[in-house]
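Everything on this sheet refers to the single structure shown next.
The values are calculated or read from the model by the stated rules, or taken from the named source; none is laboratory data. Keep in mind that this is a model prediction, so the values were computed, not measured. Cβ atoms come from the backbone with ideal geometry, glycine included; neighbour counts cover every protein chain shown.
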Amino acid sequence: MWIALFIIGLYAWLFKRRKKTIKQDVTKLSCLFLVFTSSVIISKAQSTDITISGEIITTLQNKGKIVVFLVDFATFKKPLTGLDTVFVNPKDKIVYYTFKPCKKGSYGIRCFQDLNNNGILDKGMFGPAEPYGFSWKSGRKFPFDFTDISFTANSNKFITIKMED
């Protein structure tokens, strides 16, 4: 914000008197362009974007895509949603995912392997009927909440998830 105000003030100061020669106007425009580009470069250098990536250790069923959701506290309570979604086709026992750009904060990751390609996590009699996984902090417990799968991302983060049958 202060950069925009500075540029507006500089523009007003440079062009408040139009009785200048063309050479002086070109010099002032060059100065204004230099200030603008340097402010853009500085603001990009101070960016707080991070990358959240990791690996998923899949089950032996290498069919159907793996749907990976990046969630925060608000989106955790809504099934099959997240701040961002990545689709991964498993070809090996380990697959990789990446979410970028992300802001610093508290996140969790949940995923499932859509074996029948219907777009939802199918439920069985005692839980999910398709492989699933979370970014667990420690021991698994049910029911669980966001604090059980959350992690703080202050810098680039790499998270390993093991799919459960």
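Return the only residue of Thr51, Thr59 being in a loop (DSSP other than H, G, I, E, B), surrounded by 12 or more Cβ atoms within 10 Å (Cβ to Cβ) and touching a residue at least 60 places away in the same chain (Cβ under 8 Å).
Exactly one of Thr51, Thr59 is in a loop (DSSP other than H, G, I, E, B), surrounded by 12 or more Cβ atoms within 10 Å (Cβ to Cβ) and touching a residue at least 60 places away in the same chain (Cβ under 8 Å), namely Thr59.
Tell me whether the stretch 104-123 contains one or more residues that are under 14 Å from Val71 (Cβ atoms) and of a type in the set (S, T, N, Q).
yes
Go through the residues of the stretch 142-157 one by one and say whether even a single one is in the same structural domain as Ile66 (by TED's automatic domain parsing) and within 16 Å of Ile66 (Cβ to Cβ).
Step one: of the stretch 142-157, the residues in the same structural domain as Ile66 (by TED's automatic domain parsing) are 142-157.
Those still in the list that are within 16 Å of Ile66 (Cβ to Cβ) too: none.
Looking for residues that are in the same structural domain as Ile66 (by TED's automatic domain parsing) and within 16 Å of Ile66 (Cβ to Cβ), one finds none in the stretch 142-157, hence no.
Sort out which residues of the stretch 136-165 are touching a residue at least 24 places away in the same chain (Cβ under 8 Å), farther than 19 Å from Thr48 by Cα, among the hydroxyl-bearing types (Ser, Thr, Tyr) and out of contact with any Phe, Trp or Tyr (no Cβ under 7 Å at 6 or more places or on another chain), and write them in order of number.
If the condition is that a residue be touching a residue at least 24 places away in the same chain (Cβ under 8 Å), farther than 19 Å from Thr48 by Cα, among the hydroxyl-bearing types (Ser, Thr, Tyr) and out of contact with any Phe, Trp or Tyr (no Cβ under 7 Å at 6 or more places or on another chain), then Thr160 is the only one that fits.
Hey, among the residues in the stretch 72-111 that are out of contact with any helix residue (DSSP H, G or I) (no Cβ under 8 Å at 6 or more places or on another chain) and of a type in the set (A, V, I, L, M), which one's modelled with the lowest pLDDT?
Leu80
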